[in-house]
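Please read the structure below before turning to the comments.
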Amino acid sequence: MDRRRFLGASGLAIGIGGLSTGFADRQSKRSSSSPRNSTRTDDTVSAKVDLHAHLQRGGGQQMADRYAELGFDVLVGTDHHDDIGVDGSVEAETVGDYSHLEFPGPILNGVELSASHHVNVIQSDDEMIKQINHPMRYDDTADDINQLADRVGADLVEVTERGEDIQGYPTIADAVEQLDATPTTTSDAHSPEAVGAGHVVVEVEELSGDNVIRALKQGRYSLGGRLW
């Protein structure tokens, strides 16, 4: 992925020490208009997505209902692999099945692999993407994260800790500009009360799971949530 394309396409401006004030102002205005449901322009749909959610741990349908209430357009399930009884190796790429949940939009099946580092695997019908989760817990440098991303094939890296401000994690704040994988903000919600702390807004031509993952790989998304 060309990370510079992501920076331009999303309006993100990152400098040493964190996200720039100008970007924060624009994102705050965008987030304040929630709830939002698949905002459509002539060419695209803007879909609100949380890429890190422990749906089963948080109560299953209760979590799905809360995401719907807050205007999310796509539901993503990423419970720990041992919570949902699937293989925990990156190579296996085995995800959970959340198709039993009721939700008005697409549902993406996923898993959080919980070894030395946590990695999300998220799948749609024909696409898959991987995200490195909360590397600030391990005090990783940019080189550490880039090596891990290359090893597991991750396109994305979560740069918040359960939606908390990136500025609270100076190692990650300093590393963001050097990351090969593009940054995301998520909630890492384990309960309905935690839903909405972080999300991304993905630009797609038509709303589907495959289109959302393709857009993420191409960097066609911006950041949202309680960041500033």
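Each reported figure results from applying straightforward, stated rules to the coordinates on display, with no laboratory input. No experiment lies behind these values; they were computed from the predicted model shown. All Cβ positions, even for glycine, are placed from backbone atoms using ideal geometry, and neighbour counts span all protein chains on display.
In order along region 114-122, phi translates into HN-Hα couplings of 10, 9, 5, 10, 9, 10, 8, 10, 10 Hz, rounded to whole numbers, per the Karplus curve 6.51 cos²θ - 1.76 cosθ + 1.60 with θ = phi - 60° and x for Gly and Pro. 3J(HN,Hα) along region 201-210, derived from phi through the Karplus expression 6.51 cos²θ - 1.76 cosθ + 1.60 where θ = phi - 60°, amounts to 10, 9, 9, 10, 6, 9, 6, 7, x, 4 Hz, with x in place of Gly and Pro.
A straight chain from Val90 to Asp210 at 0.36 nm per residue would run longer than the Cα-Cα distance by 41.1 nm.
Label separation (Tyr138 vs Asp43): 3.9 nm, computed from points 7 Å beyond Cα along the C-beta direction. Taking 0.36 nm per residue of separation and subtracting the Cα-Cα distance, full extension of the segment from Ala115 to Asp180 would add 21.2 nm.
Distant-in-sequence amide contacts of Ala189, defined by a placed amide H-H separation under 5 Å and a gap of 5 or more residues or a different chain, comprise His54. Over region 107-228, the Kirkwood radius and the radius of gyration, each from Cα atoms, give a ratio Rg/Rh of 0.94.
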